[in-house]
């Protein structure tokens, strides 16, 4: 239980203050995922005619937007408490690890050699988001709302930045960034 000005608040009462933030993030993420979907649909022929690189970037961007949406929706579930939320975040972190491993194996199997920038976007940033989700899960299990400040907000920012950057690269359809 947290103490504020001599008053005791439960985790549920404190997390309710974040509902507008998470509702806004969910809306933005769903909107951007929809715009990405429309953009990919318009450029479907070019996307399918390209090598595996553009599809990989498109898939990663779409999944990042969906992760943002899932995280936000988890925080919007009313009265769930820190225990269930913690487990949801840990499971999402495990799912992300599994998905990243699958994408890595697929990329390696096709002989893809990423540039330094691509390696950062493909491996380093996604790994940081997994660490953030696991860290948030552990801290929230302890009823610490600081997990939102130290882990969840940075994870959402990284996912949003990475997905938006990849969506921009897809919009430009530059061979030098996404198709090697």
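A single entry from 100, 73, 128 fulfils the requirement of being assigned to a helix (DSSP H, G or I), surrounded by 14 or more Cβ atoms within 10 Å (Cβ to Cβ) and touching a residue at least 40 places away in the same chain (Cβ under 8 Å): 73.
Number of residues in the stretch 1-26 that are at pLDDT 90 or above and either in a strand (DSSP E or B) or in contact with a helix residue (DSSP H, G or I) (Cβ under 8 Å, 6 or more places away or on another chain) (or both) equals 7. I'd like the full set of residues that are in contact (Cβ under 8 Å) with a residue 24 or more places away in the chain, surrounded by fewer than 16 Cβ atoms within 10 Å (Cβ to Cβ) and assigned to a helix (DSSP H, G or I), limited to the stretch 40-51. Residue satisfying the conditions is 46 alone. For first residues located in the stretch 15-31 and loosely packed, with under 15 Cβ neighbours inside 10 Å, partners that are in a helix (DSSP H, G or I) and modelled with pLDDT of 95 or more and lie 6+ apart or on another chain with Cβ distances below 7 Å form the pairs 19/76; 23/76. Scanning the stretch 80-95 for residues that are assigned to a helix (DSSP H, G or I) and in contact with a helix residue (DSSP H, G or I) (Cβ under 8 Å, 6 or more places away or on another chain) turns up 82, 83, 85, 86, 87, 88, 89, 90, 92, 93. Within the span defined as the stretch 159-171, every residue fails to be in a helix (DSSP H, G or I), at pLDDT 90 or above and either closer than 14 Å to residue 85 by Cα or in contact with a strand residue (DSSP E or B) (Cβ under 6 Å, 6 or more places away or on another chain) (or both).
The values are calculated or read from the model by the stated rules, or taken from the named source; none is laboratory data. Keep in mind that this is a model prediction, so the values were computed, not measured. Here the Cβ is made from the backbone with ideal geometry for all residues, glycine too, and neighbour counts use every protein chain on show.
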